[in-house]
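Asker: For reference, the structure I am asking about is given below.
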Ligand SMILES: Cc1cc2nc3c(=O)[nH]c(=O)nc-3n(C[C@H](O)[C@H](O)[C@H](O)COP(=O)(O)O)c2cc1C
């Protein structure tokens, strides 16, 4: 059973470090103010297995940030076709706009990545015509550090503290499914087999 948990974390770690991994872009679900689930694809930037943390980058003005601030319950879903493993995680989301972790994530982002956070008006704003939200002069050219610097105020990180991992392995001979729940008191993952 522990092998399944280890495999889950290995696939997650690879998902963060290898941009070709299918787990590099999982679906992250939040709950809207109306209680409706809302999902979006996000790039998983970092995984800290001992800390049970996943890290994503986002615009602090976006819907998901407001949703997580209101209700921090989140779910993350990915499927790795070569490993034939579906991972369904749930946990608690936390948005950080400032501090050393957000600063370091900003510094690690490329200039093109940083440019996204210059969008004006804010992401999700209704507009009369299709637009990137960027100044047209900024489109199609590599931005300079000076040009993207003002975008830092809109940049945030989403950290997810994972407390549930469901591992589903597909096999012709019979699928396998395991659920791991974090026990904070005992400080360990409690695993159970489930019928797939
Ligand atoms: C491949 C791919 C990667 C994406 N990566 C991110 C990301 O890392 N962070 C992010 O905020 N949005 C990312 N997006 C955009 C989101 O899916 C979403 O459209 C946007 O963040 C608005 O979501 P919200 O209104 O729920 O906040 C990505 C979309 C795609 C298709």
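Every number in this text was worked out from the coordinates using simple rules, so none of it is lab data. Fair warning: this is a prediction, and the values are worked out from it, not measured in the lab. Cβ atoms come from the backbone with ideal geometry, glycine included; neighbour counts cover every protein chain shown.
Asker: Given all pairs of different Cα atoms, what value in angstroms does the Kirkwood hydrodynamic radius of the stretch 87-151 take?
Answerer: In the stretch 87-151 this quantity evaluates to 14.0 Å.
Asker: Moving on. How much length, in nm to one decimal, is gained on full extension between residue 125 and residue 170, taken as 0.36 nm per residue of separation minus their Cα-Cα distance?
Answerer: That works out to 12.1 nm of additional length.
Asker: A further question follows. If each residue of separation counts as 0.36 nm, what is the full-extension length gain between residue 179 and residue 132 once their alpha-carbon separation is subtracted?
Answerer: Length gained between residue 179 and residue 132: 12.8 nm.
Asker: For the chain, set up a Gaussian network in which alpha carbons nearer than 10 Å are linked by springs, and say which option among 80, 175, 24 fluctuates the most.
Answerer: Comparing 80, 175, 24 in the GNM, the peak value goes to 175.
Asker: For residue 73 and residue 161, calculate 0.36 nm times their separation in residues minus their Cα-Cα distance, and state this gained length in nm to one decimal.
Answerer: Gain in length upon complete extension: 30.7 nm.
Asker: Still on this structure, please answer the following. Using alpha carbons only, how many degrees (0 to 90, rounded to 10) separate the axis of helix 2-17 from the longest principal axis of the chain?
Answerer: Roughly 20 degrees, rounded to the nearest 10.
Asker: Using helices alone, what [θ] at 222 nm do you get for the chain, with -39,500 (n - 2.57) per DSSP H run of 4 or more residues, divided over all residues and rounded to the nearest 500?
Answerer: -6000 deg cm²/dmol
Asker: Here's another thing I want to ask about it. Picking from 55, 45, 177, which is most flexible by a Gaussian network model of the chain using Cα springs under 10 Å?
Answerer: 177
Asker: Once label points are set 7 Å from the Cα along Cα→Cβ at both residue 190 and residue 98, what is their separation, rounded to one decimal in nm?
Answerer: The answer from the label model is 4.0 nm.
Asker: Also, I was wondering about something else. Report the residue, chosen from 140, 113, 99, that carries the largest GNM mean-square fluctuation when the chain is represented by alpha-carbon nodes joined by springs under 10 Å.
Answerer: Looking only at 140, 113, 99, the largest GNM fluctuation is found for 140.
Asker: Over the residues of the stretch 1-116, compute the C-alpha Rg and express it relative to 2.2 N^0.38 Å.
Answerer: 1.08
Asker: For the chain, divide the Cα radius of gyration by the Kirkwood radius and give the resulting Rg/Rh value with two decimals.
Answerer: 1.01
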